[in-house]
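**Student:** To start, I am sharing the structure in question, which I have written as structure tokens.
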Amino acid sequence: MMDSIKKVSRKITGALFGSISKDIGIDLGTANTLVYVRGRGIVINEPSVVAINKRTGQVLAIGTEAKKMVGKTPGHIVASRPLVDGVISDFEVTQQMLRYFIEKVHKESFSFIPRPRVLVGIPCGVTEVEKRAVIDAVIMAGAREAYLIDEPMAAAMERVYP
Amino acid sequence: MIQAGGNMIVDIGGGTSEIAVISLGGVVVARSLRIAGDEMNEDIIRFVRDEFNMLIGERTAENIKIAIGSATPLKATMEMPIRGRDLVTGVPKEIIINDENVREALSRSIRIIVNTIRTIVEETPPELLSDIMQKGIILAGGGSLIRNLDVFIADETEIPVCTIEDPLTAVVRGTGIVLENIEDLREVLVEMEDDRPLL
């Protein structure tokens, strides 16, 4: 019963918000993260690197800025890649990185516009737990809803859907 | 509507290489390999250590791969100077590395990728294989920028290979196409095992 109510309400909000909220496509790669905004094209293309001050737990830099620090950091700063072999290895840091990218796109619009729906590419053959980790990270990073697509399917889209 | 017919995609990314045969919006056979760009950088670091007794960093290795990396011999020799630490004396030194060195360093990883493509070809149903023979293997991802990789894969598999335009952004452009045409393309989304409804 609750489930069907949930489904109906999702459908209504989906129809209502779908046209005004910004839907986002993300290629959450081990090396680079790219973000596509519906109607605007690719807006972010940055390395998947986060630099963190271990003493304070503060995020110092994300993306291009953080990549410049790799291999050059003092002991208390760690510039790390939160994804390993295509799947999330450090959940907390991945979520912070996604939040940064999603907010970068979202804050450029008016504040009353609903939070975006997000579509993320994942490698084939990842486990249910790894899929769930991606969905949770995206939701906690500020997405309204999260959906997944197989990366090879996404890569082939231009050819199979002309 | 999504076109009927098989397509084979080889997407060589940073952490994983994805090799998949898709048809009608679904994956038919697929493998995900943990050998991709990062592993190739490691290959170059190992090669330089063994051959030149020199330690280089990951970024240097990546720069080498991008600047002179290739899968089959090139028309003209390419070389570049690289700097690192001499493992014997412990002092910095500079050497010249050429495309043949890098090709040797990368050969193991490329061989594994090609062998996996062949395995997938063997597992592909024959009807789809005839589509793939006609349309060719689609090469995507940053790894596809390695010089002559398309030629090498085509030689080894006897299937034509075409690299997609701007291979680094192919996946995210694909998600864009799905978002713009979500009414049509709902079926390509991955379903979770719980009750989460589709977009």
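The values are calculated or read from the model by the stated rules, or taken from the named source; none is laboratory data. Keep in mind the model is a prediction, meaning the values are calculated, not measured. Backbone-built Cβ (ideal geometry, glycine too); neighbour counts: all protein chains shown.
**Student:** Among the numbered criteria (1) buried (at least 17 other Cβ atoms within 10 Å of the Cβ); (2) more than 30 Å from residue A:159 (Cα to Cα); (3) at pLDDT 95 or above, which single criterion is violated by residue B:139?
**Tutor:** Result: residue B:139 passes all but (2).
**Student:** All but one of (1) assigned to a helix (DSSP H, G or I); (2) more than 10 Å from chain A (Cβ to nearest Cβ); (3) closer than 24 Å to residue B:21 by Cα hold for residue B:172; which doesn't?
**Tutor:** (2)
**Student:** Can I ask one more? Quick one: in the range B:26-46, which of the residues that are more than 7 Å from chain A (Cβ to nearest Cβ) and aliphatic (A, V, I, L, M) is farthest from residue B:104 (Cα to Cα)?
**Tutor:** B:28
**Student:** Please state which one of B:159, B:132, B:137, B:153 is within 14 Å of chain A (Cβ to nearest Cβ) and either without any contact (Cβ under 8 Å) to a residue 24 or more places away in the chain or within 19 Å of residue B:110 (Cβ to Cβ) (or both).
**Tutor:** That would be B:137, the only listed residue that is within 14 Å of chain A (Cβ to nearest Cβ) and either without any contact (Cβ under 8 Å) to a residue 24 or more places away in the chain or within 19 Å of residue B:110 (Cβ to Cβ) (or both).
**Student:** What number of residues within the range A:59-74 satisfy the criterion of being surrounded by fewer than 15 Cβ atoms within 10 Å (Cβ to Cβ) and in a loop (DSSP other than H, G, I, E, B)?
**Tutor:** Final tally of qualifying residues: 3.
**Student:** Now a separate question. Of everything in the range A:105-158, what is among the small types (Gly, Ala, Ser), surrounded by 19 or more Cβ atoms within 10 Å (Cβ to Cβ) and under 11 Å from the mean Cα position of the chain (by Cα)? Give them in sequence order.
**Tutor:** Passing the criteria: A:121, A:137, A:141, A:143, A:146.
**Student:** Among the residues of the range A:78-122, write down those that are closer than 18 Å to residue B:57 by Cα and touching a strand residue (DSSP E or B) at 6+ places or on another chain (Cβ under 7 Å).
**Tutor:** The answer is A:78, A:79, A:80.
**Student:** A follow-up question, please. If I ask for residues that are closer than 24 Å to residue B:41 by Cα and touching a Cys at 6+ places or on another chain (Cβ under 9 Å), which ones from the range B:109-148 would you list?
**Tutor:** Matches in the range B:109-148: B:138, B:139.
**Student:** For residue B:144, state whether it is assigned to a helix (DSSP H, G or I) and loosely packed, with under 14 Cβ neighbours inside 10 Å.
**Tutor:** no
**Student:** Restricting the search to the range A:22-58, which residues are among the β-branched types (Val, Ile, Thr) and in a loop (DSSP other than H, G, I, E, B)?
**Tutor:** Passing the criteria: A:30, A:49, A:56.
**Student:** If you don't mind, another one. Looking only at the range A:79-122, filter to residues that are assigned to a strand (DSSP E or B) and not β-branched (Val, Ile, Thr); which one of those is nearest to residue B:14 (Cα to Cα)?
**Tutor:** The qualifying residue nearest to residue B:14 (Cα to Cα) is A:83.
Residues checked against (1) of a type in the set (A, V, I, L, M); (2) under 30 Å from residue B:162 (Cα atoms); (3) away from chain B (no Cβ under 14 Å):
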{"position": "A:64", "(1), (2), (3)": "no, no, no"}
{"position": "A:68", "(1), (2), (3)": "no, no, no"}
{"position": "A:75", "(1), (2), (3)": "no, no, yes"}
{"position": "A:79", "(1), (2), (3)": "yes, no, no"}
{"position": "A:88", "(1), (2), (3)": "yes, no, no"}
{"position": "A:99", "(1), (2), (3)": "no, no, yes"}
{"position": "A:103", "(1), (2), (3)": "no, no, yes"}
{"position": "A:113", "(1), (2), (3)": "yes, no, yes"}
{"position": "A:161", "(1), (2), (3)": "no, yes, no"}
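**Student:** For residues that are within 8 Å of chain A (Cβ to nearest Cβ) and assigned to a strand (DSSP E or B), scanning just the range B:11-25, find the one that is nearest to residue B:131 (Cα to Cα).
**Tutor:** B:22
**Student:** Mind checking which residues of the range B:66-92 are closer than 22 Å to residue B:38 by Cα and of a type outside the set (A, V, I, L, M)?
**Tutor:** Hits for the range B:66-92 are B:69, B:70, B:72, B:79, B:81, B:83, B:84, B:85.
**Student:** Just one of B:35, B:66 is loosely packed, with under 15 Cβ neighbours inside 10 Å and touching a residue at least 60 places away in the same chain (Cβ under 8 Å); which is it?
**Tutor:** B:66
**Student:** Right, another one. So which of B:124, B:60 is farther than 30 Å from residue B:183 by Cβ, surrounded by 14 or more Cβ atoms within 10 Å (Cβ to Cβ) and within 12 Å of chain A (Cβ to nearest Cβ)?
**Tutor:** After applying the criteria, what remains is B:60.
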